[in-house]
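The values are calculated or read from the model by the stated rules, or taken from the named source; none is laboratory data. Quantities reported herein were computed from a predicted structural model and do not represent experimental measurements. When we count neighbours, we look across all protein chains shown, and the Cβ atoms used for this are built from the backbone with ideal geometry, even at glycine. The protein model used for the area step is the full one, side chains on, heavy atoms only, and it has no ligands, DNA or RNA in it. Shrake-Rupley method; radii C 1.70, N 1.55, O 1.52, S 1.80 Å.
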Amino acid sequence: MKTTIKKIFAAVLAAFMLSSCSDFLTREPYDSINPDNLTSQDDVLAMVNGAYQPLQWAKLYNMRIWTLDIIAGNSEVGAGGGEDGIETIQMADFIADSENFAALDLWRGPSPGILRCNMVLQSIETVPMDEALRTRSFGEVSFLRAHYYFILVRLFGGVPKITEPQKVGDDGSIPKQKRASADEIYELIISDLENAIGALPYKSEYATNDLGRATKEAAMAELARVYLTRGENYNRVVQLCEDIEARGYDLCDDYSDNFTIAGKNGPESIFEVQYYGKTNADFWADENQSSWLSTYTGPRNSNMVAGGWGWNQPTAEFVAQYEDGDQRFDKTVLHTNGPAFDGMYYNSSWSTTGYNLRKFLVPKGESPDYDTSAANWVVTRFADVLLMKAEALNELGRTTDAEVPLYRVRSRAGLTDRSTIEGLTKDQMREKIFHERRIELAFEGHRWYDLVRRGYDYAREFFYSIGKTNFTQKNMLFPIPLEEMEANELLEQNPGY
């Protein structure tokens, strides 16, 4: 549903409340709108919709976020060899410098979303509109701005704190401004998430055609993750997770249902980046509405899925982390002894590690071409909330209580021997929970963040254990891109780069 800005201005969501879930994410960017000219409800709603779009782009969830698992050591690039994926290889080998364009993508990726959120937040109180929509729109952009900044601060530390509308470059470059401290950015994130919790509806209160928008539960889960990242406020984390539990969320009976097209926005889903499949846009364009995951991660030269470019190949070390009887293994990893996928059995020669990802593959019957996948990217799901609750309970010294949510996740995976998690010390339980996070949330973009938030010594021990002994303190943050520093003399580089 590609359209021009002029066409959108001619009919800015006149039938917004009747539009489908996918419609609210099919609009072109609105960077050229003057925030002073947001004068109608339709203008505001169109800009809110536009604030979701950068999540879909390759700079964030359609590529760079899932490559964080490669950097975190769960997998290797694989791909076509040579220079294919060289920027990710450099990051994963900890030899990247400030000219690395994966770091540039991640630095620039959130900027258009932050801009659009700021435009709404500046104008929303003065534009005549339905009060319920005003409140919801305020909540949506508050959540989204927090999410964009949370990505930035975890990867780069302090970043420019931009809370008023400013024009970003066509490439997503950030306006000239000094970096705020990480603490200042976290203060903004927490404030935005508290505002979002107060303003957003629960998921159950949305009409079906609005599923995919930010919800109160999404903001609660994000705030819980923020506090765990900072190692603070564990009682609030428990309370937030229990509030989400009280809304009737449940684990899917089948782990794989979280990642299928049919299972989008399902009973375990808390927040997902939405795609609806092929559009008139070019596959590489920001306007593209096809997910890249199956196309990129399908086994190369296998004809197993449309595309099949062989990226993100699990390592033997990662595969060895599965416990006997863990049903998630066959649902996550393609291996020679595994079940068929869409009628085909796996051949280990299709991968440099002997393994490929199965978790996100879409059968050809549902996505016949490389640019037709309608699979969503799952940002947050209920299993993650249960594991966050277990972690917070354990940090509060309530280690026995932590067994309950941890066991709930493990039992879905077929690990029903509860004695394996009983009677553990606090330190042992912490390691058990982080191991469970690595397996349960594998390749969903969480592992790098989990390693870093545990601290340098923990991250270093892991990377040394897999042979990456050049990992140093500087690698806890990514380099500030040289291109940005040359354009903005106010920026200071992260230490060591």
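For the reader, a short list of remarks on this structure follows.
- Per residue convex hull volume, Cα atoms of segment 140-204, in Å³: 105 Å³
- Net charge of the neighbourhood of Arg236, taken over other residues with C-beta under 14 Å away and scored Lys/Arg +1, Asp/Glu -1, is -4.
- The aspartates and glutamates within cross-link reach of Lys389, meaning a Cα-to-Cα straight distance under 12 Å and a gap of 8 or more places when in the same chain, are Glu242, Asp243, Glu245, Asp401, Glu403.
- Overall, the accessible surface of segment 309-438 at a probe of 1.4 angstrom is composed of carbon and sulfur to the extent of 46 percent.
- The phi torsions of segment 50-63, fed into the Karplus equation with coefficients 6.51, -1.76 and 1.60 and a -60° offset, translate into couplings of x, 5, 7, 4, x, 4, 6, 7, 5, 5, 10, 7, 7, 7 Hz, rounded to whole numbers, with Gly and Pro shown as x.
- Computed over protein heavy atoms with a 1.4 Å probe, the carbon and sulfur contribution to the accessible area of segment 82-200 reaches 48%.
- Rounded to the nearest angstrom and listed largest first, the equivalent-ellipsoid semi-axes of segment 410-497 from its Cα gyration tensor are 36, 15, 11.
- Sequence-distant lysines (8 or more away, or on other chains) whose Cα lies within less than 21 Å of Lys59: Lys2, Lys161, Lys167, Lys176, Lys278
- Here the ratio of the Cα radius of gyration of segment 54-148 to 2.2 N^0.38 Å is 1.45.
- Of all lysines in the structure, those lying under 20 Å Cα to Cα from Lys359, and not within fewer than 8 positions of it along the same chain, are Lys264, Lys331.
- Environment charge of Pro368, counting only residues whose C-beta is closer than 13 Å and scoring Lys/Arg +1, Asp/Glu -1: -2
- Between the amide H of Asn356 and those of Leu334, distances stay under 5 Å, these residues lying 5 or more places away or on another chain, with hydrogens modeled in the peptide plane.
- The equivalent ellipsoid that matches the C-alpha gyration tensor of segment 328-393 spans semi-axes of 28, 18, 10 angstrom, in descending order.
- Taking amide H as placed 1.01 Å from N in the peptide plane, Val379 has its amide H under 5 Å from the amide H of Phe271, Glu272, Val273, each at least 5 places away in sequence or on another chain.
- As a ratio to 2.2 N^0.38 Å, the alpha-carbon radius of gyration for segment 90-233 is 1.12.
- Net charge, Asp254 excluded, C-beta distance under 13 Å - Lys, Arg +1, Asp, Glu -1: -1
- Ranking Met429, Tyr458, Ser367 by how far each Cα lies toward the positive end of the dipole of segment 342-466 (charges on Cβ) leaves Met429 at the top.
- Each Lys and Arg adds +1 at its Cβ and each Asp and Glu adds -1 at its Cβ; summed about the Cα centre, the chain shows a dipole of about 220 debye.
- Over every Cα atom in segment 346-441, the radius of gyration and the widest Cα-Cα span, Dmax, amount to 17.7, 52 Å.
- What the chain shows is 37 Å² of accessible area per residue, with the surface traced by a 1.4 Å probe over protein heavy atoms.
- Normalised by the number of residues in the chain, the mean separation of alpha-carbon contacts (under 8 Å, six or more apart) gives a relative contact order of 18 percent.
- Calculated over segment 186-295, the projected area of the Cα convex hull averaged across directions stands at 8.9 nm².
- In the frame of its principal axes, segment 176-216 has Cα extents of 43, 21, 11 Å, reported largest first.
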